[in-house]
Amino acid sequence: MSEPVEQARTVLTTAPADLLLSRIRALLDQEYGIADVELLQVDYRLAALLPLTPGEAVSEPGHPAWRCFDHQSPVYVDSTAYLPVSMRGERRGVLRVHPVTDEGLLADLAEIGTALAHELTAVDPGTDVYRTARRARRLTLAAEMQWELLPGRSRIRPSFSLAGQLEPAYAVRGDSFDWSDDGDRVWTATINGMGAGVAASMLTTLATSALRNARRAGISLADQAALADQAIYALHRGEQHLATLLVEVDLHSGLLTAVDAGSPRLVLLRDGEVSVQPLEAQFPLGMFEGSHYREQHIQLRPADRLFMISDGVLDATGQEVRYGESALDRMLRRTAPMSPLDAVRSLLGDLRAFVAGDLTDDAVVVCLDWYGPQP
């Protein structure tokens, strides 16, 4: 690792939370004569790259900044370098630096972009500077609660890749997702919320917290669903409930365990073919007192892709026509060569184009690739 990269790491870890970019700019100017440095953060909709300092958003797909974001590799155009700002698969945006007179500097600059991503993740909970700058418009209160609840939007390890996205991004109410992994297993929860506004987001927050509490107790997937079901019923006595799909994948064997507590569907993309997995539809969480849940098992193959999809996708309506199964199948096949994050972004982008604007109902899509057992 070069000395400027080491210096950048030190500068970032000692800088005040709101001054990360200005300290990196000063270092790059001193070491390389690079005076123009800008952080372009991806917005909540995954549709625009927004500058941290006042300036123009980047929204055209062919722009070098988007090529850098999409392919997760440096792009060098006209003495300007675009560098991924990502860590562990979580894509935060792009670092744009100019002038770069030596293309040989790209490797060092890319490492600085990664270091910046790690530090942005570390400081984000304690400052609003970066959250505010990555909004193309104001979030509703319900959406603010939902986005604060998420574990991230993408995750990569040698054995799997994972991504999720919510729509309408700036006004989502009750739909959400959660995930966790420990190196041996990965868990996902795809939540299809009930109700409207803040009431829906509060119900989803309760369900997510209850599921996390149960998962962290080390109990089975069925018992996780049962404990969350009891927590919601104890508060709402069946008047409010929500559907969720719980999935656990053994990363060594590919054995998938699922509990279908409601409507989110599990779709498998294998060798270019799309198939909805037949799961036993059980009671939504919180509908009845003392519900018991059963697990089902599916054996995955290396390179299998899973989609967890809420009913807001299929039920989206444009010009009085539902999006439906055929459009969904066609779009899922088209995502085969894409990364999971690009797959969910493309699917929900197609959905927005179909309805010609924002969705009127919440939609959530989670995509999980299993690559097979890894060392």
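Rule-based calculations on the coordinates, nothing more; no lab input. None of these values were measured; they are calculated from a predicted model. Please note: Cβ atoms are built from the backbone with ideal geometry, for glycine as well, and neighbour counts cover all protein chains shown.
Quick notes
- Charge dipole (Cα centre; +1 on Lys/Arg Cβ, -1 on Asp/Glu Cβ; no other charges) of region 3-133 amounts to roughly 420 debye.
- Comparing 71, 241, 118 in a Gaussian network model of the chain, where Cα atoms under 10 Å apart are tied by springs, the biggest mean-square fluctuation is seen for 71.
- Neighbour count of at most 15 Cβ within 10 Å plus DSSP loop: longest GluC sites (Glu not before Pro)-free window in the chain: 57-238
- Mean separation of Cα contacts under 8 Å (6+ apart) over length of region 3-133, as relative contact order %: 25
- Hypothetical label at residue 80: residues of region 127-158 whose amide nitrogen lies under 20 Å (7 Å Cα-Cβ projection): 134
- Summarising the label geometry, the points placed 7 Å from Cα in the beta-carbon direction at residue 148 and residue 22 lie 2.7 nm from one another.
- Each part reduced to its alpha carbon centroid, region 80-128 and region 1-57 end up 7 Å apart.
- Cα long-axis angle, helix 3-14 against the chain (0 to 90 degrees, to the nearest 10): 60
- R0 of 30 Å, Cβ-Cβ distance residue 72-residue 2: FRET efficiency to nearest 0.05: 0.90
- Cβ crowding within 10 Å, taken as a proxy for footprinting-reagent exposure, orders 205, 53, 127 from fewest neighbours to most as 53, 127, 205.
- Among 164, 324, 89, the residue with the largest mean-square fluctuation in a Gaussian network model of the chain, with springs joining Cα atoms closer than 10 Å, is 324.
- Computed over the chain, relative contact order equals 14 percent, with contacts defined as Cα pairs under 8 Å that lie 6+ residues apart.
- Approximating the spin labels as points 7 Å out from Cα along Cα→Cβ, the residue 60-to-residue 47 distance works out to 1.9 nm.
- Low-density loop cleavage sites - chymotrypsin sites (Phe, Trp or Tyr not before Pro) in region 111-208, where at most 16 other Cβ are within 10 Å (DSSP): none
- Across region 232-293, the relative contact order, built from alpha-carbon pairs under 8 Å that are at least six residues apart, equals 41 percent.
- Per-residue extension of 0.36 nm, minus the Cα-Cα distance of residue 140 and residue 36, leaves a gain of 34.0 nm for this segment.
- Residue 198-residue 237 FRET efficiency (beta carbon distance; Förster radius 22 Å; 0.05 resolution): 0.65
- For 288, 307, order by how many other beta-carbon atoms lie within 10 Å, fewest first: 288, 307
- Label positions at residue 10 and residue 270, each projected 7 Å from the Cα along the C-beta direction, are separated by 5.4 nm.
- Anisotropy class of region 1-113 from Cα gyration tensor, a/c 1.5 cut: prolate
- Charges were assigned to the Cβ only: +1 to each Lys and Arg, -1 to each Asp and Glu. The resulting dipole of the chain about its Cα centre is roughly 320 debye.
- Per-pair calculated FRET efficiency, R0 = 56 Å: residue 101 and residue 294 via Cβ, rounded to 0.05: 0.30
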